[in-house]
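One structure is given here, and the rest of the page talks about it.
The values are calculated or read from the model by the stated rules, or taken from the named source; none is laboratory data. Bear in mind the structure is a predicted one, so any value in this text is a computation, not a measurement. When we count neighbours, we look across all protein chains shown, and the Cβ atoms used for this are built from the backbone with ideal geometry, even at glycine. Surface accessibility is based on the protein's heavy atoms, side chains included, excluding ligands, DNA and RNA. Shrake-Rupley method; radii C 1.70, N 1.55, O 1.52, S 1.80 Å.
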Amino acid sequence: MKAINLIKSNYILIAIMFIAAIARFYHIDFQSVWLDEIHTLNEANPTKSFSEVYYALLVSEPHPPLYFFITHIAFKLFGYTTFVARIVSAIIGIAGVFSIFLLGKEIFNKKTGIYAAVLLAFNYFHIYYSQDARMYPLMFLMTVLSFYYLIKFIKKPTYKSVSMYVLFSTLMIYCHFFALFTLVSQYLILSYFIIKPYEIARKKFFTYTLISGIVTIILFLPAYRLFIKTTEINSIWIQMPTLDVYTQFFKDFFGQSEIVLFFVISLIILFFIQLFSIKNTKKFTINPKEDKLLFSFFILFIWLLVTLFLPLVRTYTSLPMLINRYFINILPVIIIVVSIGLYFIKNEVVRYSILSIVLLFSVTDIIIVKKYYKQPNKTQFREVTQFIIDNNSNNDPVVTSLSWYFPYFLNNEKVKNTIIDGTLDNYVNEMIQDSTKRKSFWYVDAHNRPYKISDETQKYLESNFSIENNVDLYDTWTKHYVKSSNELSKKDISEFNPIKDKNGDGINFAIEKFEINEETINIVGWAYLENIESQNSNLELILISNGKAYLLPKQKMKRDDVTTYFKSQKDLSNSGFESKTYLKKVPPGKYQLGIIIKNPNENKKGLVITDKIFEKN
């Protein structure tokens with residue numbers, strides 16, 4: 001009976017939690033893990049002990065260990081997969097929605113808590129990091145719970161309330177060292193209530209606060225080495241911020257959606273309009289129960305101010321450290337302020353209309369504008385490595401300048417590939433110096449590292465290798481350099497006999513460039529099997545002469561414009577190609593250019609003979 005009554009009295013919150021769960025679980029493993037998530041996979045590896053996880057953090061990225069220990073345990077219990085890592089973050093993210101309900105209810109009232117929960121449930125920034133195998137949703141959760149128990153402690157200082165506050169403030173700083181700035185804001189808040197205590201003797205409140213500080217420091221000692229390691233960093237990848245850095249962060253929190261931002265700002269203004277109408281309090285005292293709006297402002301203002309100000313000072317005096325995800329612990333401040341603003345709209349039709357508009361445009365922005373659940377937005381390590389695995393029948397080595405990030409995919413219990421660390425220029429230079437090292441290989445790179453090599457490297461590769469397979473994906477690419485001979489490889493096309501202009505399944509194509517000079521044949525174009533997506537199709541260019549076919553080296557090119565031009569519902573972006581072949585490798589004869597495309601997934605294949613003809617004497 002109690003359970004039924006509990007459900008009846010909280011059915012709105014239960015519905016919000018259900019929606020929040022759908023938003024965070026749906027397509028949770030659609031995106032590949034990116035660079036930082038691979039850090040999580042490597043450092044929380046279940047084969048390590050807890051001390052080894054700690055040491056891995058100390059060596060590679062000195063973050064506090066709480067999130068990595070939690071994920072490490074999850075890997076041991078449920079398997080060492082990206083799905084498990086993401087599920088951990090999603091569950092934590094859902095708990096974050098419930099936590100902000102608790103905070104909103106405690107700091108102002110239950111309606112504020114409900115509004116805060118529903119706004120967070122649909123918040124793009126929080127959904128994104130709830131599907132990211134990193135510590136940020138945990139940082140959000142522990143920060144909110146820390147302030148929740150801080151408020152309870154201020155309202156009713158007891159050993160129980162101070163113990164709960166100490167627990168969650170400690171867990172907060174075990175999530176990310178940025179939380180130390182927020183901890184400073186909490187002790188500034190407590191200092192104010194020592195000076196102007198609420199319903200308790202100043203001495204007793206000071207004693208409780210002192211005990212909480214001492215215990216938190218003691219509990220933080222196991223992470224001390226990691227903290228010191230962080231302070232010793234004298235160079236970092238983070239760039240110096242622009243003057244509007246915090247404005248951009250604010251926009252990022254709401255997915256840069258202009259309509260959502262308009263109403264968010266409007267509700268923040270309404271919050272301040274109500275705040276400015278408050279009369280002076282007696283002797284600067286704040287009663288959390290009677291002065292709810294003033295109390296809310298005081299807590300949220302100190303929280304926001306300190307968490308923004310201290311990193312800004314350190315950025316301009318030491319190292320840049322301003323990245324939007326590091327500030328996820330101030331997102332609750334904005335959500336609560338907006339929720340209180342909503343509460344102050346007296347007309348319910350207007351209030352719920354505005355809330356509906358915010359939610360509608362939030363969902364539209366996520367699903368339709370950003371295509372969050374269907375369009376890649378994280379480095380496709382998983383897809384690029386799977387492409388190598390599927391096409392590396394000769395087990396050629398994989399060279400990369402990011403060798404630390406690829407073993408999870410390329411060298412594990414299921415597959416074994418040799419991974420060589422180095423840039424493409426350096427690896428080629430070794431072959432130039434020692435011809436015995438001239439062997440076929442893959443090169444793969446990612447994380448904003450485009451294909452860029454020296455002229456000497458390019459000339460050497462063109463003279464000694466052909467690119468047999470390549471793919472360009474989101475923020476990553478790979479090329480398979482196959483050691484070439486002085487002649488083109490022959491291609492068996494007897495499966496299409498008798499050869500006609502069009503053979504097998506239909507192919508749509510265009511040859512946009514076909515140039516023959518004294519040294520090379522240069523070809524650029526696109527082609528795809530009709531009514532089939534090009535992603536899993538294998539395209540080959542051939543030269544045909546007197547029934548014989550020769551395979552041309554080629555590279556795939558990303559051609560989003562093909563999909564757009566034909567207004568196709570199919571993805572044709574993988575249809576582009578370019579080819580450069582030295583004429584000296586082509587036997588004498590009269591040739592016609594052909595295109596072969598096969599798609600094993602759809603069991604389709606075709607050969608088309610183009611009108612491009614040339615003759616070599």
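Assorted remarks:
- Single residue of the range 544-565 satisfying the filter (in contact (Cβ under 8 Å) with a residue 40 or more places away in the chain and over 19 Å from V482 (Cα atoms)) that is surrounded by the most Cβ atoms within 10 Å (Cβ to Cβ): A549
- Whichever residue in the range 511-548 is in a loop (DSSP other than H, G, I, E, B) and hydroxyl-bearing (S, T, Y) and, among such residues, is nearest to K604 (Cα to Cα): S537
- Subset of the range 273-310 (residues that are open to solvent by 70 Å² or more (accessible area, probe 1.4 Å) and either more than 25 Å from F178 (Cβ to Cβ) or over 31 Å from the mean Cα position of the chain (by Cα) (or both)): I273, F276, S277, K279, N280, K282, K283, F284, K289, E290, K292
- Within the range 572-601, being open to solvent by 30 Å² or more (accessible area, probe 1.4 Å), under 20 Å from N469 (Cα atoms), of a type in the set (D, E, K, R) and at pLDDT below 90 holds for one residue alone: K580.
- Of the residues in the range 527-542, not one is farther than 30 Å from T436 by Cβ, of a type in the set (V, I, T) and open to solvent by 40 Å² or more (accessible area, probe 1.4 Å).
- When residues of the range 24-39 are limited to those that are part of a helix (DSSP H, G or I) and out of contact with any helix residue (DSSP H, G or I) (no Cβ under 6 Å at 6 or more places or on another chain), the one nearest to V84 (Cα to Cα): E37
- Taking the range 351-366 as the range and being more than 19 Å from I268 (Cα to Cα) and of a type in the set (S, T, Y) as the test, only T364 passes.
- Matching residues, the range 346-389, being touching a strand residue (DSSP E or B) at 6+ places or on another chain (Cβ under 9 Å) and either in contact (Cβ under 8 Å) with a residue 60 or more places away in the chain or open to solvent by 50 Å² or more (accessible area, probe 1.4 Å) (or both): P376, T379, Q380, F381, E383, V384, F387, I388
A quick yes/no check of all residues on (1) of a type in the set (D, E); (2) under 20 Å from I100 (Cβ atoms); (3) in a loop (DSSP other than H, G, I, E, B):
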| site | (1), (2), (3) |
| --- | --- |
| F263 | no, yes, no |
| F271 | no, yes, no |
| L294 | no, no, no |
| I299 | no, yes, no |
| L322 | no, no, yes |
| Y326 | no, yes, no |
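- Qualifying residue in the range 20-36 (condition: at pLDDT 95 or above and under 30 Å from K289 (Cβ atoms)): yes
- Scanning the range 458-467 finds no residues that are within 19 Å of T610 (Cα to Cα), open to solvent by 50 Å² or more (accessible area, probe 1.4 Å) and of a type in the set (G, A, S).
- Taking the range 99-205 as the region of interest, the helices (runs of 4 or more DSSP H) fully inside it that hold 2 or more residues being modelled with pLDDT of 95 or more and touching an Asp or Glu at 6+ places or on another chain (Cβ under 9 Å) are 124-130, 136-155.
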